[in-house]
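Written out below as structure tokens is the structure these notes cover.
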Amino acid sequence: LGHYASNTSLAASEVYQKNGIPALTASATDDLITRSNEWYFRTIPNNTFQGEFIAQYVKHVLQQKSTSIIVDQDSYGSSLDRSYENAVLKLEIKVNKRWGFDKEASDIEQQLKTIIAELRGLEEPGAIFFATHEIEAAKIITAIKFPGANYTIVGPDTFAAAAFLEEFRQHPEEQVLPGYYSDGIYAVSPFIGDLATNEAQQFRLAFKRAYGEEPTWEAACYYDAMAVAV
């Protein structure tokens, strides 16, 4: 079962394919993981679906006519970016600006500062879509969200991870007023407990009895993956 992230899943996929080992991920969303590997499977929507879904939401629910895109240039961010950008162009949503960064680069902090400065200078960024992981996204968001700032921020499944909120909780503003940074952000999640079926509610209750807290979407999705494996 696994791996958690797309880049590690891709790295391991050649080994599984070569040795005939079936692998099942419930969290890695890059399309390439399963596309050309008959031994790799998923129980989570891929980035093509996720990007198109978000684009439809930006158009028809948020009613945005333009967007800006921030991309982590690893396999996860790049595939998500391609899907989203193709979808918004078909929906005739204007792409105002697009930034990319390499989180493994030695000058990553400078890259993020440049994006922050240019973003704050845009008169109309439209809906800001983050095709990124949680840590870099949180750094950008905490730098641009201040009293009076009115940004529409939309993120992928990484925004539904517990680590995303933990990044905000390190800041005094979030500690004094929970939601200071996170309120108003739109995020995709493969599992939303409040909307879950009766069977899923039973899983929630069992998880809370065992661990004393709500299950993350990763826990729910890997519970499904284990059932599929069995």
Worksheet item: Looking at (1) of a type outside the set (Ser, Thr, Tyr); (2) at pLDDT below 95; (3) assigned to a loop (DSSP other than H, G, I, E, B); (4) open to solvent by 20 Å² or more (accessible area, probe 1.4 Å), which is the only condition ASN7 fails?
Response: (3)
Worksheet entry | First in segment 4-24 and over 23 Å from GLU218 (Cβ atoms), second anywhere and at pLDDT below 95, Cβ under 7 Å, 6 or more apart | GLN17/ASN37
Item to complete: Just give me the residues in segment 98-112 being open to solvent by 80 Å² or more (accessible area, probe 1.4 Å) and within 21 Å of the chain's Cα centre (by Cα), in sequence order.
Response: ARG98, GLU104, GLU109
Item to complete: Scan GLU134, GLU92, GLU124 and give me the residue that is out of contact with any strand residue (DSSP E or B) (no Cβ under 8 Å at 6 or more places or on another chain), modelled with pLDDT under 95 and open to solvent by 20 Å² or more (accessible area, probe 1.4 Å).
Response: GLU134
Item to complete: Among the residues of segment 174-195, write down those that are open to solvent by 30 Å² or more (accessible area, probe 1.4 Å), over 16 Å from ILE153 (Cβ atoms) and either not in a helix (DSSP H, G or I) or not polar (S, T, N, Q) (or both).
Response: VAL176, LEU177, PRO178, PRO190, PHE191, ILE192, ASP194, LEU195
Practice prompt. Could you tell me which residue of segment 28-58 is farthest from ASP157 (Cα to Cα), considering only residues that are hydroxyl-bearing (Ser, Thr, Tyr) and open to solvent by 10 Å² or more (accessible area, probe 1.4 Å)?
Written response: SER36
Discussion item. Residues to consider are LEU165, LEU205; find the one that is part of a helix (DSSP H, G or I), open to solvent by 60 Å² or more (accessible area, probe 1.4 Å) and under 27 Å from VAL61 (Cα atoms).
Written reply: LEU165
Worksheet, complete the sentence: Reported set for segment 18-54 where residues are more than 16 Å from the chain's Cα centre (by Cα) and not in a loop (DSSP other than H, G, I, E, B) is LYS18, ASN19, ALA23, LEU24, LEU32, ILE33, THR34, ARG35, TYR40, PHE41, ARG42
Worksheet entry | Some residue of segment 59-80 being on the phi > 0 side of the Ramachandran plot, modelled with pLDDT of 95 or more and either open to solvent by 10 Å² or more (accessible area, probe 1.4 Å) or hydrophobic (A, V, I, L, M, F, W, C) (or both) | yes
Discussion item. Looking at segment 202-217, I want the residues that are touching a residue at least 60 places away in the same chain (Cβ under 8 Å) and have a partner that is of a type outside the set (A, V, I, L, M, F, W, C) and open to solvent by 50 Å² or more (accessible area, probe 1.4 Å) with Cβ atoms under 7 Å, at least 6 apart or on another chain. Which pairs are those?
Written reply: TRP217/PRO190
Worksheet item: Does any residue of segment 147-159 turn out to be hydroxyl-bearing (Ser, Thr, Tyr) and either farther than 21 Å from ALA26 by Cβ or in a loop (DSSP other than H, G, I, E, B) (or both)?
Response: yes
Item to complete: Could you tell me whether THR152 is surrounded by fewer than 20 Cβ atoms within 10 Å (Cβ to Cβ), modelled with pLDDT of 90 or more, within 21 Å of the chain's Cα centre (by Cα) and more than 14 Å from ALA219 (Cβ to Cβ)?
Response: yes
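The values are calculated or read from the model by the stated rules, or taken from the named source; none is laboratory data. These figures come from a predicted structure and were not determined experimentally. FYI the Cβ positions are ideal-geometry reconstructions off the backbone, even for glycines, and counts take in every protein chain you see. Areas reflect the complete protein model, heavy atoms only, side chains present, ligands, DNA and RNA absent. Shrake-Rupley method; radii C 1.70, N 1.55, O 1.52, S 1.80 Å.
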